[in-house]
Amino acid sequence: RVASKHLLVGFDSGHGELVELIDLKSRHNHAGKAHERAGLWELEFASGTNRLSPADAKSFWCQSVAGDRQALQLEWKDFEVSGAEGLRVRVLVRLDRAQPLSRWQISVDGVQDLAIVQARFPRVLNMPRQENEFLAAPVWMGQQAANPRQLLAGAQGRGRRYEWAYPGQLSLQCMAFY
């Protein structure tokens, strides 16, 4: 768990599932309960093992970053992935001291001959509802949706994924949900 005067971020000790993403001003937890195989990240490979998530790791640890009380380091390793026995996924979460802002970084080591096609990170799943929700994305000059749940539910209500290329149409790797 790591906290600033604006945010609190916490992970479970089993697989590093995000369980707290709390705006301390409104006391709203943006992290909802995720299903069993979901996780903070998901890697998709070109061949062989199609997808990998934190649930596939045999080993997980989380610790504070020395000298920085507003940062956490997480690591998953010991995956049963043929051809990448030394695969390791590390995440660094750093909170801004002055404003309600967090920075998330992911690194993947030991992939050897595996080609990562897509990395989904950070994944914040099943976000609890709040009043007057908005979603902002830095697509070109920026877009804001006043009805994000309806937009992301799709016409059939089964969910809809939006993806933008970066660098390219997505001018910055950032999303804001408020």
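The values are calculated or read from the model by the stated rules, or taken from the named source; none is laboratory data. Note that this is a predicted model, so its numbers are computed, not measured. Virtual Cβ from ideal backbone geometry, glycine too; neighbours counted across all protein chains shown. To get the accessible areas, we keep the full protein, side chains included, count just its heavy atoms, and leave off ligands, DNA and RNA. Shrake-Rupley method; radii C 1.70, N 1.55, O 1.52, S 1.80 Å.
So Lys25 fits all but one of (1) without any contact (Cβ under 8 Å) to a residue 24 or more places away in the chain; (2) open to solvent by 30 Å² or more (accessible area, probe 1.4 Å); what number is the exception?
Answer for Lys25: the failing condition is (1).
Restricting the search to segment 29-45, which residues are farther than 30 Å from Asp113 by Cα, open to solvent by less than 30 Å² (accessible area, probe 1.4 Å) and either among the hydrophobic types (A, V, I, L, M, F, W, C) or over 14 Å from the mean Cα position of the chain (by Cα) (or both)? It would help to see each step written out before you state the result.
To start, the set of residues in segment 29-45 that are farther than 30 Å from Asp113 by Cα comprises 29-35.
Within this subset, residues satisfying the condition of being open to solvent by less than 30 Å² (accessible area, probe 1.4 Å) are 30-32, 34.
Within segment 29-45, Ala31, Ala34 qualify.
Pick from Gln130, Gln112: which is polar (S, T, N, Q), assigned to a loop (DSSP other than H, G, I, E, B), open to solvent by 30 Å² or more (accessible area, probe 1.4 Å) and touching a Ser or Thr at 6+ places or on another chain (Cβ under 9 Å)?
Values: Gln112 fails: touching a Ser or Thr at 6+ places or on another chain (Cβ under 9 Å).
Only one candidate qualifies: Gln130.
Out of all the residues in segment 53-66, which are open to solvent by 80 Å² or more (accessible area, probe 1.4 Å) and charged (D, E, K, R)?
Matches in segment 53-66: Lys58 only.
Working only within segment 1-16, note down all residues that are open to solvent by 40 Å² or more (accessible area, probe 1.4 Å) and either more than 20 Å from Phe177 (Cβ to Cβ) or assigned to a loop (DSSP other than H, G, I, E, B) (or both).
Filtering segment 1-16 down to residues open to solvent by 40 Å² or more (accessible area, probe 1.4 Å) leaves 1, 3, 5-6, 12-15.
Selection gives Arg1, Lys5, His6, Asp12, Ser13, Gly14, His15.
Ser82 versus (1) among the polar types (S, T, N, Q); (2) farther than 22 Å from Lys33 by Cα; (3) touching a residue at least 40 places away in the same chain (Cβ under 8 Å); (4) assigned to a loop (DSSP other than H, G, I, E, B): which is the lone unmet condition?
(3)
Pairs, please: C-beta under 8 Å, at least 6 apart or cross-chain, first residue within 17 Å of Ala57 (Cβ to Cβ) and of a type in the set (Asp, Glu) and in segment 89-111, second open to solvent by 50 Å² or more (accessible area, probe 1.4 Å) and at pLDDT 95 or above?
Asp109/Arg88; Asp109/Arg90
To keep it simple, each residue is scored yes or no on (1) farther than 26 Å from Leu24 by Cα; (2) open to solvent by less than 80 Å² (accessible area, probe 1.4 Å); (3) in contact with a Lys or Arg (Cβ under 7 Å, 6 or more places away or on another chain).
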| site | (1), (2), (3) |
| --- | --- |
| Val89 | yes, yes, no |
| Leu95 | no, yes, no |
| Ala119 | yes, yes, no |
| Arg123 | no, yes, no |
| Arg149 | no, yes, no |
| Gln156 | yes, no, no |
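Does Arg69 satisfy the condition of being open to solvent by 50 Å² or more (accessible area, probe 1.4 Å), in a strand (DSSP E or B) and of a type outside the set (S, T, N, Q)?
Details: open to solvent by 50 Å² or more (accessible area, probe 1.4 Å): yes; in a strand (DSSP E or B): yes; of a type outside the set (S, T, N, Q): yes.
So Arg69 passes the test.
Would segment 48-63 turn up any residue that is under 30 Å from Asn132 (Cα atoms) and in contact (Cβ under 8 Å) with a residue 12 or more places away in the chain? Reasoning before the result, please.
Step one: list which residues in segment 48-63 are under 30 Å from Asn132 (Cα atoms), which gives none.
No, segment 48-63 contains no residue that is under 30 Å from Asn132 (Cα atoms) and in contact (Cβ under 8 Å) with a residue 12 or more places away in the chain.
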